[in-house]
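J.: Just passing along the structure, written as structure tokens.
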Amino acid sequence: MTAFIYTFGATGRVSLNALYALSRVCVLMVETINWTLVQPFRGRGLRMKAVVFNLVEYGVNSLPIVGLICFLIGAIMAMQSAYQLARFGATQYIANLVGVASMRELAPLMTAILLTGRSGSAIAAEIGTMKVAEEIDALEVMGLNPTKFLIVPKFLAMLIAIPCLTILATFIMILGGYMLSVFALGVDSDLYLNNTARALQMKDFATGFTKSVFFAVVICWVGVYRGFQVEGGAEGVGKMTTSSVVTSIFLIILVDLVFTALFFF
Amino acid sequence: MNDTSEHIIEVRDLVVKYGDRTVLDGLNFQIRRGETFVILGGSGCGKSTLLRNLVGLMRPYSGEILFNGRDITTMTDDERIEVRKRVGMCFQGSALFNSMSLADNVALPLREHTRLASSTIDIQTKIKLALVGLSGFEEYLPAEISGGMKKRAGLARAMAMDPEIIFYDEPSAGLDPIVAAGLDMLIRKMQSTFNLTSVVVTHEMASVRLIADTVCMLNAGRIVGTGKIDELERSKDPFIQQFFERRPDEESDTRDDYIRSLMGIDLPGNAT
Ligand SMILES: Nc1ncnc2c1ncn2[C@@H]1O[C@H](COP(=O)(O)OP(=O)(O)OP(=O)(O)O)[C@@H](O)[C@H]1O
Ligand SMILES: [Mg+2]
């Protein structure tokens, strides 16, 4: 009986905590959207300089690592499919497999996971450090809104950077598959390109693109939310930064599942 | 001079809780325009908490905080922003924005709240930094300057919008006696040149004697005495006597060491 009550209470507490977190995230979302879409048109302004600064940080500076990893994954995918397809003498279909898998799934996912590690954690650490050092309080005392000042530029930059990176990553991944197939497996170059072009449809692009937009939202909000959760000192910053990466990757996979299912039909 | 009978801040029945724990329990006091009001009290008695309430960073559990006659606890966000333009705050850890140079730190509120031309803002920034003795350090980052300089830069930033009132949270904590005394003089100077109201939280008896017009003594979430420093020194209240005589609580030696290390400079002649 006590075990039952205990389980019951624990479940309740967990769901209450989850509900509370959800409500906090909702408040954050409403505030951010308000300061991104509504307030700038009431003459409150947007900090374009900060947006550009963050855009360079999240987008341009991530390009080398995203490019490298996606190229390698494209090549790996080509090899793995060749392993199966060679048995049927169908190596020219590597192009279809690599193309569709890159565009629909792997390019958005890899970009999002890399950006989580690179920029999502940085957002959590930056906001957490500012909170610990009372910089957020200082902003408020000056009458400057932390949402407008800190979150909106990051949010906008993320929202632009990730879809753009994803599109580039798709091409690079396909290029990786192409290079391996043509130079290592001896697939005909024109055949490969033709097959890729025929395999890819608008719907595939829409799937990948939609996913990438939602991934951007997840990465930014998890980073911000965890950053504001930081209590205490440097230790708290470290803890919340780690937890931002874990939460973010989990939610990215979840969102991925939902959208893959939606576009399946 | 402004009418000295007019109060810039009036606190009525202020109760502040963290969860179920009451930290401030029914405070009542007034701060006159143009005076230096010092909040004294033992560690952890809620001085920083009181300051956070006075600047509106926290909502009290109950009670009123009137700023120029208007209650800031019930204001809308927009009204509160208007009030905050007229308030400056120096944080205990200075809270400078680490990614910005000192000049940008000071210029930030001007850039965001006014439509001044950027050349005007540059000049204003230079003036404010010169005021606290930091000319020539405009382009330094907060990480590149010392703790005392950070405190002064924090003061320059608090002064940026020409506020009516400045709050200082332990301005001289962690500084050597000479720098601490310099900061006291700076607080005095701000008050006399600009007729600023200053609200100072501090532990340092030496600086209290130097700067305070009115002292407010807190203990266990309540006010145990308010008045001029010599009035308080004559008080019969056991806590106030203990505080001024620097007598330790019976059981703890470490606290004695702590207070002694903080007040080792308790000789006004030496400090200045
Ligand atoms: N965020 C918080 N959550 C819960 N309790 C808090 C919080 N901040 C402060 N307290 C508690 O409130 C009390 C007053 O804290 P406060 O920081 O105001 O003290 P203080 O007088 O400024 O001390 P010090 O002189 O050491 O800075 C402390 O006992 C502390 O435990
Ligand atoms: Mg304090």
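J.: On the accessible surface of segment A:49-264, probed at 1.4 Å, how many percent belong to carbon and sulfur atoms?
T.: The nonpolar share, carbon plus sulfur, comes to 73 percent.
J.: Next up: Hand me the GluC sites (Glu not before Pro) from segment B:1-76 located in a DSSP loop with no more than 12 other Cβ atoms within 10 Å, in residue order please.
T.: Passing sites in segment B:1-76 are B:GLU6.
J.: Answer rounded, prolate or oblate for chain B, using the Cα gyration tensor with square roots of eigenvalues a ≥ b ≥ c: rounded when a/c is under 1.5, else prolate when a/b is larger than b/c, else oblate. Mind showing how you got there, number by number?
T.: Values: a/c = 1.77, a/b = 1.28, b/c = 1.39.
Because a/c hits 1.5 or more and a/b fails to exceed b/c, chain B counts as oblate.
J.: Please list, in order, the residues from segment B:133-165 whose amide nitrogen is less than 13 Å from a point placed 7 Å along the Cα→Cβ vector of B:LYS189.
T.: B:133-135, B:152-153, B:155-156
J.: Mind grabbing the accessible area of A:TRP35 for me, 1.4 Å probe, Å², rounded to tens?
T.: Approximately 20 Å² for this residue.
J.: I need the helices of chain A that pass two filters: whole DSSP H segments spanning 20 Å or more by Cα along the axis, and mean Kyte-Doolittle score no lower than -0.5.
T.: Numbers: long enough: A:2-33 (46 Å, 1.08); A:63-85 (32 Å, 1.76); A:152-179 (40 Å, 1.94); A:202-229 (40 Å, 0.81); A:234-264 (45 Å, 1.60).
Going by DSSP H runs, the hits are A:2-33, A:63-85, A:152-179, A:202-229, A:234-264.
J.: Just to be sure I understand: of the beta bridges DSSP finds with both ends in the protein assembly as shown, what percent are antiparallel, rounded to 5? Each step should come with its number before you reach the end.
T.: Numbers: 21 of 39 bridges.
Among the beta bridges of the protein assembly as shown, antiparallel pairing accounts for roughly 55 percent.
J.: So what are the radius of gyration and Dmax for the Cα set of segment A:49-264, in Å?
T.: 20.0, 70
J.: Counting only protein heavy atoms and a 1.4 Å probe, tell me what percentage of segment B:1-114's accessible area is made up of carbon and sulfur.
T.: That share works out to 41 percent.
J.: With axes computed from alpha carbons, what is the tilt in degrees of helix B:102-113 against the longest principal axis of chain B, rounded to the nearest 10 within 0 to 90?
T.: It works out to around 80 degrees.
J.: I would also like to ask the following. In deg cm²/dmol, rounded to 500, what helix-only [θ] at 222 nm does the protein assembly as shown give when every DSSP H run of at least 4 residues adds -39500 (n - 2.57) and the total is split over its residues?
T.: Helix-only estimate at 222 nm: -18500 deg cm²/dmol.
J.: Chain B: longest stretch without exposed trypsin sites (Lys or Arg not before Pro) (DSSP loop, at most 12 other Cβ within 10 Å), sites themselves excluded?
T.: The reported range is B:1-114.
J.: Accessible area drop of at least 20 Å² (1.4 Å probe, protein heavy atoms): which residues of segment B:31-76 qualify, relative to the chain alone?
T.: B:ARG52, B:LEU57
J.: Per residue, how much space in cubic angstrom lies within the convex hull of the C-alpha atoms of the protein assembly as shown?
T.: 226 Å³
J.: Moving on to the next point. Where does each of B:HIS113, B:HIS7 land when they are ordered by accessible area, with a 1.4 Å probe and the largest first?
T.: Details: B:HIS113 40, B:HIS7 65 Å².
The ranking, largest first, comes out as B:HIS7, B:HIS113.
J.: Do you know which residues of segment A:125-149 lose at least 30 square angstrom of accessible area in the protein assembly compared with their chain on its own, with a 1.4 angstrom probe?
T.: Output list: A:GLU134, A:GLU135, A:ASP137, A:ALA138, A:GLU140, A:VAL141, A:MET142, A:GLY143, A:LEU144, A:PHE149.
J.: If you count only protein heavy atoms and use a 1.4 Å probe, how large is the accessible surface of B:LEU51, to the nearest 10 Å²?
T.: 0 Å²
J.: A further question follows. Before we go on, tell me the buried accessible area for the B/A pair, both chains summed, 1.4 Å probe, in Å² to the nearest 100.
T.: That pair of chains buries around 1600 Å² in total.
J.: How big is the antiparallel share of DSSP beta bridges in chain B, given as a percent to the nearest 5? Before the final figure, lay out the partial values.
T.: Working: 21 of 39 bridges.
The antiparallel fraction comes to roughly 55 percent.
J.: Moving on. Averaged across the residues of B:86-99, what count of C-beta atoms belonging to other chains lies within 10 Å of each residue's C-beta?
T.: Going residue by residue through B:86-99 and averaging, the value is 4.
J.: In Å², what does the accessible area per residue of segment A:80-187 work out to with a 1.4 Å probe?
T.: With the other protein chains kept in place, segment A:80-187 gives 36 Å² per residue.
J.: Which of the listed residues, A:ALA107, A:GLY117, A:THR147, is farthest toward the dipole's positive end in the protein assembly as shown, when Lys, Arg count +1 and Asp, Glu count -1 at the beta-carbon?
T.: Of the options given, the answer is A:ALA107.
The values are calculated or read from the model by the stated rules, or taken from the named source; none is laboratory data. All values derive from a computational prediction rather than experimental measurement. For neighbour counting, all protein chains shown are included, and Cβ atoms are generated from backbone atoms with ideal geometry for every residue, glycine included. Ligands, DNA and RNA are excluded from the accessible area calculation, which covers all protein heavy atoms including side chains. Shrake-Rupley method; radii C 1.70, N 1.55, O 1.52, S 1.80 Å.
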